[in-house]
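Take a look at the structure below.
What follows draws every value from the coordinates through simple rules; no lab data is involved. Everything quoted here is computed from the prediction, not taken from an experiment. Don't worry about glycine lacking a Cβ; one is built from the backbone with ideal geometry, like all the others, and counts go over all protein chains shown.
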Amino acid sequence: MTDGSRTLRSVLDNVSRVLIGKRHEVELALIGLASEGHLLIEDVPGVGKTMLAKSLAKSIGCTFRRIQFTPDLLPSDVTGVSIYNQKTGEFEFRPGPIIAQIVLADEINRATPKTQSAMLESMEERHLTVDGVTHALPAPFMVMATQNPIEYEGTFPLPEAQLDRFIMRVHLGYPARDDEVAVLESQTLSHPIEDIGQVVSADDLIATQHQVRQVRVDPLIRRYIVDIVAATRSHPDVYLGASPRGSLALFRTSQAAALLAGRDYVIPDDTKALVETVLAHRVIMNPSARVRNLQSSAVLQELIQTVAVPGTRVPA
């Protein structure tokens with residue numbers, strides 16, 4: 001097992017003590033973090049979205065900030081603002097909560113599009129510009145945004161350009177009965193997040209992110225990734241398929257998944273397991289498909305079955 005794999009496994013075991021019964025979802029979050037991407041967590045309130053972000057930050061020793069998105073939130077409330085100092089006669093930059101290593105954007109779809117757009121530069125360029133001055137963001141940097149999928153009143157749907165910035169979309173879901181009982185027992189005296197500590201350093205995580213890029217991806221698997229993404233663009237039920245950014249996201253997360261599994265090479269199963277999580281929020285269905293309530297996840301599952309996997313024989 002490589003150093004990067006040990007780092008990810010240590011964080012996985014630590015966070016799983018807080019999110020009981022959600023090991024697979026924690027794995028997906030770690031894959032996103034190791035891929036240097038951002039995470040969109042879409043689920044109902046109370047299933048542990050905030051705890052996932054907090055426990056990740058605490059396990060790695062990263063700075064953590066939480067932004068509660070509301071309709072009256074301004075872009076400067078996110079990025080920061082320059083204030084005139086009467087003593088020095090100069091403007092001083094007061095950083096906003098976006099300048100942290102792990103940022104929880106809670107209920108991001110409650111803010112106006114103007115405020116949502118304040119996140120785009122930070123998420124893509126890893127820096128922000130205020131009053132013409134560029135400020136670098138700390139490394140590692142990850143935005144974990146949450147939204148409630150069933151509550152539409154007073155919300156502003158995320159534009160496709162912003163959805164495309166998230167490397168994957170994760171659903172936590174309700175816990176199983178025994179897991180929910182275990183949650184009650186674990187919080188009898190205190191919350192488990194108070195008992196977990198730092199298990200790796202931010203430098204360890206940065207080294208792991210560099211190691212992810214060194215995981216070998218065979219040219220056949222690279223073509224397989226491109227074929228899956230290209231198939232979303234030609235499917236009759238799809239209005240807009242995934243972009244080349246989607247191909248890169250599937251490529252990078254496949255590398256991270258292989259490293260988490262203790263391998264220095266990607267296998268087709270790594271990619272297949274991530275197709276829906278990485279691409280579903282990037283695919284826009286056409287009107288007739290929406291009338292039939294056909295979801296993008298169903299189309300992607302179909303493509304997994306139809307796109308030829310490297311190394312398999314094509315039927316005569």
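General remarks:
- For the chain: relative contact order, % (alpha-carbon pairs under 8 angstrom, 6 or more apart): 23 percent
- Of the beta bridges in segment 1-201, as assigned by DSSP with both residues counted there, near 40 percent are antiparallel.
- Compared with the dominant principal axis of the Cα atoms in the chain, helix 219-234 is inclined by about 80°.
- Stretched out straight at 0.36 nm per residue, the stretch from Ser201 to Ala139 would grow longer than its current Cα-Cα span by 21.1 nm.
- Overall form of segment 105-216 per C-alpha gyration tensor (a/c, 1.5; a/b vs b/c): oblate
- Cα centroid separation, segment 277-300 to segment 197-215 (Å): 34 Å
- Taking the average, over residues, of other Cβ atoms within 10 Å as the packing measure, peptides 91-98, 162-169 rank 162-169, 91-98 from highest down.
- Degrees between helix 202-212 axis and first principal axis of the chain (Cα, 0 to 90, nearest 10): 30 degrees
- Whole-number D in µm²/s for segment 213-308 (Stokes-Einstein; Kirkwood sum over Cα pairs; 25 °C, 0.890 mPa s): 182 µm²/s
- Val307 paired with Glu180, simple spin-label distance in nm, labels 7 Å along Cα-to-beta-carbon: 3.6 nm
- Given their separation in residues at 0.36 nm each and the Cα-Cα distance between them, Phe93 and Asn286 gain 64.9 nm when the chain is fully extended.
- Cross-link table Lys22/Lys49; Lys22/Lys58; Lys22/Lys272; Lys58/Lys272, entries beyond 22 Å C-alpha to C-alpha: Lys58/Lys272
- When peptides 45-54, 27-36, 192-201, 227-236 are sorted by average Cβ neighbour count within 10 Å, with the highest value leading, the order is 27-36, 45-54, 227-236, 192-201.
- C-alpha long axis of helix 244-260 to longest principal axis of the chain, angle in °: 90 degrees
- A simple spin-label model places the labels of Thr155 and Arg23 3.1 nm from each other, with each point 7 Å out along Cα-to-Cβ.
- Proximal aspartates and glutamates relative to Lys114, as straight alpha-carbon distance under 20 Å, when same-chain residues fewer than 8 apart are discounted: Asp72, Asp77, Asp106, Glu124, Glu125, Asp131, Glu153, Glu160, Asp164
- Helical runs (DSSP H, four residues minimum) scored at -39500 (n - 2.57) apiece and divided by the length of the chain put the mean residue ellipticity at 222 nm at -12500 deg cm²/dmol.
- Ordering of 208-216, 242-250 by packing is 242-250, 208-216, highest average first (other Cβ atoms within 10 Å, averaged per residue).
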